[in-house]
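Peer 1: Let me give you the structure first, and then I'll get to my questions.
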Amino acid sequence: MRLRHIEVFHAIYSSGSITAAAQLLHISQPAVSKALAHAEQQLGFALFKREKGKLLPTAEALSLIPEVEQLNRQLHSVKALAQNLQRHDEGLIDLAITPALGFDVIPRAIANFSQHYPKVRFRVQTIHNDEAMRALIEQDCELALLFASPNYPNVSAIGLGDVEIKVLYPANTWNSQPASVGLSELAAQNLIAIWDSGPVGQLLWQQLNQAGVETSSNLQVDTYFVAAKMVAEGLGCCTIDALSATGNSDTRVGTARLEPPLFVPLRALHLTTKPLNQLSQAFLPFVQQALPTL
C-alpha cells in the first residue's frame, strides 16, 4: 500500500463513508473511491463491504488497523514537526563556539532568541579552530562560530562582524591607566605569550613582526582565560579579544585599546553540502546583535 492509500483507508475507517473521508482529506469523492479501488487491487482483497448503505471494514482490514493507526500517528507527528520547523517554533540548534563567545555573547543571544522561539533547544560545545573541521565533517555540530576561521575545503563561511583586540595589563603597570597602548609600548613589558592559541595571537604576532617590535616573555599559555588570570596576578600584559577581556574583568587589571586598533573577524562555518536549516539562519542575527558595538 502506498502512503496515500493508507491515508484514504484510515479516513474511510474513521469516518464510515466515502463522503466523510473526502471531507477529512479535502479531496473529491471520486478521488477517494479511486484510491480505495487501487489499494484493494494492489492488495488482492477488499478492505470494506457495503451493508445497509454503510461501509464496514472487512476482517482483513481490521487486521491492518493497529499498524495503520500507529503509522497515521507518526505521519501526523512528522507533519506537525515540519510545520513547527517552518515557523521556527521547534527544533535543535547544534553549535560549536570559540570559548570567548561563551562569556556573554552566546548566552545573551540564546536568551533573546528564546523569547521569540521558546521551544527551540540548543546544544552548545566549546571548540578551538584546529578542531572545527573534524567536528563539522563528523557532524558533531551543524554550525561552528570561530575567530578568523581558516578557508577549509567544502566549508562555507558567513561573516558575523569584527571583534577588537585589547591589551590587559596589571593596574600598576603605568602611572595612569591608559585608554590605548601602542605596539612599541609592549616591548617594555613582559608579554604573556598566547601565539599558539589561535587567530588572535597569530594576528598580533604578525603585527609585531611587521612593526619590528621585539617583545620578551617568560610565560606562555594556550587559553585567554588563563592569560587574564596571570595578568591579574601581576605577571605581565597580554593581548586578548574584547569578548574575553569583558568576560574576565578584574579590579586589578586595566584594559586598553591597541594603537593602531586591531580587529579579528568572527565567522559562522557550516558544510557547503549541508546548508543551514531555517532555525540556525534565524539565530545568526541574534549573535550579531549580541556582539559589542565598536
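Taken together, the values in this text are just the output of simple stated rules run on the coordinates, not laboratory data. As the structure is a computational prediction, the values presented were derived from the model and not from experiment. Virtual Cβ from ideal backbone geometry, glycine too; neighbours counted across all protein chains shown.
Peer 1: Quick check for me: using +1 on Lys/Arg Cβ and -1 on Asp/Glu Cβ, what's the dipole size of the chain about its Cα centre, in debye to the nearest 20?
Peer 2: Charge dipole of the chain: 1600 debye, to the nearest 20.
Peer 1: I would also like to ask the following. What does the C-alpha gyration tensor say about the overall shape of the stretch 3-86? Classify as rounded when a/c is under 1.5, otherwise prolate if a/b is larger than b/c, or oblate.
Peer 2: Details: a/c = 2.03, a/b = 1.56, b/c = 1.30.
Verdict is prolate for the stretch 3-86.
Peer 1: Per residue, what volume in Å³ does the convex hull of the Cα atoms of the stretch 163-264 enclose?
Peer 2: 83
Peer 1: Cross-link partners among lysines for Lys49, C-alpha distance below 16 Å, same-chain residues fewer than 8 apart left out?
Peer 2: Leaving aside lysines fewer than 8 places away in the same chain, those within reach of Lys49 are Lys34.
Peer 1: Tell me which chymotrypsin sites (Phe, Trp or Tyr not before Pro) from the stretch 151-205 have a DSSP coil assignment and no more than 16 other beta carbons within 10 Å of their own.
Peer 2: Listed in order of number, the matching sites are Trp174.
Peer 1: Here's a follow-up. Give, rounded to the nearest 20 debye, the magnitude of the charge dipole that the stretch 163-264 has about its Cα centre when Lys and Arg contribute +1 at Cβ and Asp and Glu contribute -1 at Cβ.
Peer 2: 160
Peer 1: Fewest to most neighbouring Cβ within 10 Å: what's the order for Arg252, Arg50?
Peer 2: Arg50, Arg252
Peer 1: May I pose another question? What are the semi-axes of the equivalent ellipsoid of the chain, taken as the square roots of 5 times the eigenvalues of the Cα gyration tensor, listed largest first and rounded to whole Å?
Peer 2: Value: 65, 17, 14 Å, ordered largest first.
Peer 1: Lysines near Lys229 by alpha-carbon distance under 29 Å, same-chain residues fewer than 8 away left out - which ones?
Peer 2: Lys166
Peer 1: From the residues Leu279, Ala187, Ser28, which one has its Cα farthest along the dipole of the chain in the positive direction, the dipole being from +1 and -1 charges on Cβ of Lys/Arg and Asp/Glu about the Cα centre?
Peer 2: Ser28
Peer 1: Further, regarding this structure: If you filter the stretch 87-155 for trypsin sites (Lys or Arg not before Pro), then keep DSSP loop positions with at most 16 other Cβ within 10 Å, what is left?
Peer 2: Sparse-neighbourhood loop trypsin sites (Lys or Arg not before Pro): Arg87, Lys119.
Peer 1: Considering the Cα trace of the stretch 91-233, what is its radius of gyration and what is Dmax, both in angstroms?
Peer 2: In Å, with Rg to one decimal and Dmax whole: 18.1, 54.
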